[in-house]
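A.B. asks: The structure is given below, and queries will be raised subsequently.
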Amino acid sequence: MSRGRVVIIGGGFSGVAVAAQLMKRGRAAPDVVLIGREQRFGPGLAYGTRDPAHLLNVRASNMSAFADQPDHFVRWLAAHGRRDAAQHFAKRAQYGAYAEHVLRRAHGGLGGASLTRVRDTAIACRTDGALWTVTLARGKPEADAVVLALGNAPPRPPAVFEQGGVTLLAPWDTQALARIPRGDVLLLGAGLTMIDVALSLARRRKRGVIFALSRRGQIPRAHLRNAAPATPAALDVPAPLSEALHQFRAEVKAMAARGEPWQHALDRLRSRAPELWRRLPLAAQQRFLRHLRVWWDVHRHRAAPEIAEQIKALQAAGRLKVLAGEIVSAAPNEHGVRLQHRGRGSRARHNMDVAAVVNCTGSSADPWLSEDGLVRQMLDEGLLRAHATKLGFDISDDSRVLAASGTPHQSLFAVGPITQGAFWESTAVPEIRVRAAAIAAMLAPDA
C-alpha cells in the first residue's frame, strides 16, 4: 500500500506542530511536505524576533510543543544552559530556536515517512475530489490532505492613514524601526506587540515620547510572580453571556475573599473557553467582541512580571504614554506625520507631530480583507468561507475547513490563528499543540 502525503501550508509554529505530530504517528505516518515562505521554519512571526528584551508571555513549563511531554521545552532549555527554567519566561528568540529544534528532530525513522521542507509561496489550492493540488510559485505538489497553518496575517492600516497617504511601519521591521529619526513615535494598539516595540524603541532612543493609542487605552496586565498554579478544577459558567459574566465576576469576588488572585480565575476558565465560545449563539459572540473582548485580552494575554515592571517604569518616567481614543486625521509633514487625536468620550481634537507611526494593532483576521493570494483564491472558489465573526475561517468541531456551502471538507484542515472565530482560544501554544495532535491522529489513525 502506498504511503499517503499531507501538505502543510505555513512554516511557523502551527505548521511545525502538525508536522512533528504526524512524524510521531509511526508506520501510519504519511509523507509530509511543509511549505513556508520565511527563511526559517518554526519561529514564524511570533518567535522570529532577535531582540533579547522580548519574552514569552507564558511560563516555560506550559510551552512544550507536545502536550504529552509537558517538560519538553524545559528540558531543552536545561540542555542549553538554563537550569530551573520551568517558572521563568524565556526569551522569544529562544522559543524560535526551540521550534526549529522540534522540526529538525521530526522524522519517520528508517524506512518511515519523509518530511520535506519547501521554501516557497502557496498561491492556490484546489481539489478534484480525490487529491489536492497546491500551486506554488515553483511547482505543484499533490496531496491526499492539506493543513492550512497560515499563522498571523499582517495588520491592516486604518483607513485614516491610507486616506492621508501615511505609510505605517511594521512592528517587526527592525531595520525600519532603527531608521526612525528623532522625535516622538506613535504605536497604534496597546497589546503585547506594543509592549515589545516600546521596549525596543526605549532602549534604542534616549529622547522623545512613545505614545501608545487604542480605543480604550488598556494595556496587558501582569502575570503573578508567585508561580503557584490555580486549582485544576475548570470554572463552569452558564450559557447565556450575561449570566456567564455575572457568575464569573461573583467567582472572582469569592476567590478574592479566600485570598486567591484573579489570574487563577482566568486560568480556570481558559481550558473551557473553546467549548463555551462554540455554544454561544452568533449574536452573543458578536456582543462579546464589541464589549468584552478588550477586557478579556488584557487579562488573558498577560505580560511577564519583569516586562510589566519595565513598562511601568517607562510610564513613570514619561517615556511611554498610553492614550485612549482615535486618530481622526493623518498627513505627512516636515517632522514626519501630523496627526489629530480625539480622546475617548471627547469631541476635542489635539494635534500631534510624530516621527513615525508603527502599526501594532495585531493580526488582520478577516479573510475577505486578506491580501494573501491563496486565501482569496479559496474564498472566491468556495473552498472555504469566512467565519461569521470575521475572525478567520469557518471550521468544524474537529478542525475541518467548511466550504462555502457549509459542508466540511474531509481532507482539508486548519490550525492556529485562522481558527479563532471557531474556537476563540486558538493562537497560543497550549491550544495549538492539542489541535495539532488531534489533526495528526485523524490523518494517520492507525498508529
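A.B. asks: So, counting K/R as plus one and D/E as minus one, what does the shell of residues with Cβ under 13 Å around A404 add up to?
C.D. replies: -2
A.B. asks: Still on this structure, please answer the following. Enter the Cα centre distance for the pair the range 308-354 and the range 393-422, rounded to the nearest angstrom.
C.D. replies: About 39 Å separates the Cα centre of the range 308-354 from the one of the range 393-422.
A.B. asks: Also: Percentage of Cα-Cα pair distances in the range 241-300 greater than 15 Å, rounded to whole percent?
C.D. replies: Looking at the range 241-300, the distances longer than 15 Å represent 54 percent of pairs.
A.B. asks: If you put +1 on each Lys and Arg Cβ and -1 on each Asp and Glu Cβ, how big is the dipole of the chain around its Cα centre, in Debye rounded to 20?
C.D. replies: The dipole magnitude comes to about 1360 debye.
A.B. asks: I'd like the distance separating the alpha-carbon centroids of the range 358-375 and the range 34-95, in whole Å.
C.D. replies: Centre-to-centre (Cα) distance: 25 Å.
A.B. asks: How much length is gained on full extension from A250 to A137, taking 0.36 nm per residue of separation minus their Cα-Cα distance?
C.D. replies: Gain on stretching A250 to A137: 35.2 nm.
A.B. asks: Just the number: Rg to Rh for the range 116-199, Cα atoms, Kirkwood Rh, two decimals.
C.D. replies: In the range 116-199, Rg relative to Rh is 1.15.
A.B. asks: When Lys and Arg each count +1 and Asp and Glu each count -1, what net charge do the other residues less than 14 Å away from P52, Cβ to Cβ, add up to?
C.D. replies: +3
A.B. asks: Can you tell me the Rg and the Dmax, both Å, for the Cα atoms in the range 53-207?
C.D. replies: That works out to 20.9, 61 Å for Rg and Dmax.
A.B. asks: From the residues L266, A284, A244, which one has its Cα farthest along the dipole of the range 241-300 in the positive direction, the dipole being from +1 and -1 charges on Cβ of Lys/Arg and Asp/Glu about the Cα centre?
C.D. replies: A284
A.B. asks: Can you give the convex hull volume per residue for the Cα atoms of the range 1-130, as a whole number of Å³?
C.D. replies: Residue-normalised Cα hull volume stands at 125 Å³.
A.B. asks: Right, another one. Given axes a ≥ b ≥ c from the Cα gyration tensor, I'd like to know whether the range 197-354 is rounded (a/c under 1.5), prolate (a/b larger than b/c) or oblate.
C.D. replies: oblate
A.B. asks: Give me the Å³ per residue figure for the convex hull around the C-alpha atoms of the chain.
C.D. replies: 163 Å³
A.B. asks: Here's something else I'd like to know. Once you keep just the Cα pairs under 8 angstrom separated by 6 or more residues, what percentage relative contact order results for the chain?
C.D. replies: 21 percent
A.B. asks: With +1 on the Cβ of every Lys and Arg and -1 on the Cβ of every Asp and Glu, and nothing else charged, how large is the dipole of the range 241-300 about its Cα centre, in debye rounded to the nearest 20?
C.D. replies: So the dipole magnitude of the range 241-300 works out to roughly 140 debye.
A.B. asks: For the range 263-348, divide the Cα radius of gyration by the Kirkwood radius and give the resulting Rg/Rh value with two decimals.
C.D. replies: Reported Rg/Rh (Cα atoms, Kirkwood Rh): 1.10.
A.B. asks: If you take the charge dipole of the range 382-439 about its Cα centre, with +1 on Lys and Arg Cβ and -1 on Asp and Glu Cβ, which of S411, A422, I439 is farthest toward its positive end?
C.D. replies: Of the candidates, S411 comes out farthest on the positive side.
A.B. asks: Please name whichever of A85, T116, S64 sits farthest to the positive end of the charge dipole of the range 52-123, dipole taken about the Cα centre and charges placed at Cβ: Lys and Arg +1, Asp and Glu -1.
C.D. replies: A85
A.B. asks: Kindly flag which residue pairs out of K91/K321; K24/K91; K91/K253 have an alpha-carbon separation exceeding 29 Å in this structure.
C.D. replies: K91/K253
A.B. asks: In a Debye calculation with equal point scatterers on the alpha-carbon sites of the range 307-352 and no solvent, what is log10 I(q)/I(0) at q = 0.20, 0.21, 0.29 Å⁻¹?
C.D. replies: -0.78, -0.80, -0.92
Values quoted throughout were computed directly from the atomic coordinates according to the rules given, and no laboratory measurement underlies them. Everything numeric here is computed off the predicted structure, so don't read it as measured data. Glycine gets a Cβ as well: all are built from the backbone with ideal geometry, and neighbour counts include every protein chain shown.
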